[in-house]
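Data block below; observations after.
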Amino acid sequence: MKRGSVTVADGVRKDEEFSGTKPVEERHRFDELRLEAWMRDNVEGFEGPLVVLQFKGGQSNPTYRLNTPKRSYVMRRKPFGKLLPSAHAVDREYRVIAALGKQGFPVAHAYALCQDDSVIGAAFYIMSMEEGRVFWDPTLPSQDNDSRRKIFTSKIETLAKLHMYDPVAIGLGDFGKPGNYFARQIDRWTKQYRASETQHIPEFEKVAEWLPRTVPEQARVSIVHGDYRLDNMIFHATEPRVQAVLDWELSTLGDPMADFTYLLMQWIMPGLEDADLKALNIPSLEEAAQIYCNVTKMTVPDLNWYFAYNLFRLAGITQGIAGRVRDGTAANAKALESAKRTVPLSKASWDYAQKAGAV
């Protein structure tokens, strides 16, 4: 889900589906006058009147564009209705972007958080509307070869920069639970899958049994984003660099290998998998890994276990969306399309698990 004043360089149709705005759907309406009054008291420099639109994307947390005569804001709120226990933690999103923004990391400016449901019916936070470009097509067809290389390098180095922060030093020392991150995540997504389960998928069950027995040791603790990919960031309007990293709802403290290997999955997915990377001047998977490791001084492990894990986690996420479709709380019609990905993701996860030694 894109939140910014965006020029879409690649993939206009996708932007129209996911990034444009529309009048607020009836089921997502709230008391706009109460929101305006709250912003007047809590958002520095705010001046109404307020005009509210809804972004077309945002399957998890409904997201709104708030226009005023002087500037625009973005509001993210929890969904109304029945929710999974640990999902939709907008307070965590707000906390992490506020902390990172103070360090000069590229994020939207965090204005204010409201946890009083009486204002609009759910917790929410307000952040800046970021200017820039979103790229949907990983081959970056609108860019020349020099820009492609620089855009990929910026994306990779920005993740490395995130992982180099000391969580304690920037006020996020308690942002995640102790213990092995992968073990916690496997447990979390298995439980959320069970809570949202709509069908039996044999491959998911096999991976769910195998992963906990083969978890690698964790060497370090970093801030992890949880969904770090090309279309979850806004690039500068004219320069080949990241302007703002978006969608922090899955962020926590954990093993940076999770983000790193999730980023590398782009090279095995449709888009880059069959592209002529050399002709496009896009880093190979090995080159991308080296760019990251040059900053973090980490070494690249065998990737098959991590790819199996990341695909398993994605299956858990899409099953959660399927559950919200079933319960009537999914935020848009595209949720149904996402829900259908659970089976192929589970099968792909089991394929990589077998490459990593699962039998």
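Below, the figures for the structure above:
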read-out	value
Flag for Y181 being surrounded by fewer than 18 Cβ atoms within 10 Å (Cβ to Cβ), in contact with a strand residue (DSSP E or B) (Cβ under 7 Å, 6 or more places away or on another chain) and assigned by TED's automatic domain parsing to the domain that holds A289	no
Those residues of the range 115-128 which are over 20 Å from G226 (Cβ atoms), surrounded by fewer than 22 Cβ atoms within 10 Å (Cβ to Cβ) and of a type outside the set (S, T, Y), in sequence order	Q115, D116, D117, V119, I120, G121, A122
Tally of residues being in a loop (DSSP other than H, G, I, E, B) and either modelled with pLDDT of 95 or more or hydroxyl-bearing (S, T, Y) (or both) across the range 32-61	8
Helices (runs of 4 or more DSSP H) fully within the range 259-352 counting 2 or more residues that are of a type in the set (G, A, S) and either within 21 Å of the chain's Cα centre (by Cα) or surrounded by fewer than 17 Cβ atoms within 10 Å (Cβ to Cβ) (or both)	285-296, 304-327, 334-339
Residue under evaluation I223, criteria (1) touching a residue at least 12 places away in the same chain (Cβ under 8 Å); (2) out of contact with any His (no Cβ under 9 Å at 6 or more places or on another chain), criterion not met	(2)
Enumeration of residues in the range 179-235 that are β-branched (V, I, T) and more than 20 Å from the chain's Cα centre (by Cα)	T198, I201, V207, T214, V215
Cβ-Cβ under 9 Å pairs, at least 6 apart or on other chains, the range 276-291 side in contact (Cβ under 8 Å) with a residue 12 or more places away in the chain and among the hydroxyl-bearing types (S, T, Y), far side crowded, with 16+ Cβ neighbours inside 10 Å and in a helix (DSSP H, G or I)	S284/W267; S284/L277
Members of the range 99-114 that are closer than 15 Å to M129 by Cα and crowded, with 20+ Cβ neighbours inside 10 Å	P106, V107, A108, A110, Y111
Qualifying residue in the range 112-119 (condition: within 22 Å of F235 (Cα to Cα) and either modelled with pLDDT of 95 or more or more than 16 Å from the chain's Cα centre (by Cα) (or both))	no
Cβ pairs under 7 Å, 6+ apart, first in the range 198-212 and on the phi < 0 side of the Ramachandran plot and in the same structural domain as L314 (by TED's automatic domain parsing), second charged (D, E, K, R) and in a helix (DSSP H, G or I)	T198/R326; E203/K347
Some residue of the range 127-134 being modelled with pLDDT under 95, in contact with a His (Cβ under 6 Å, 6 or more places away or on another chain) and of a type outside the set (D, E, K, R)	yes
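So that you can scan it fast, the table gives a plain yes or no per residue for (1) acidic (D, E); (2) modelled with pLDDT of 95 or more:
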site: Q192; (1), (2): no, no
site: I201; (1), (2): no, no
site: D259; (1), (2): yes, yes
site: I291; (1), (2): no, yes
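The values are calculated or read from the model by the stated rules, or taken from the named source; none is laboratory data. Given the structure is predicted, the values throughout are model-derived calculations rather than measurements. A quick note on method: Cβ atoms are made from the backbone with ideal geometry, for glycine too, and the neighbour counts reach across all protein chains shown.
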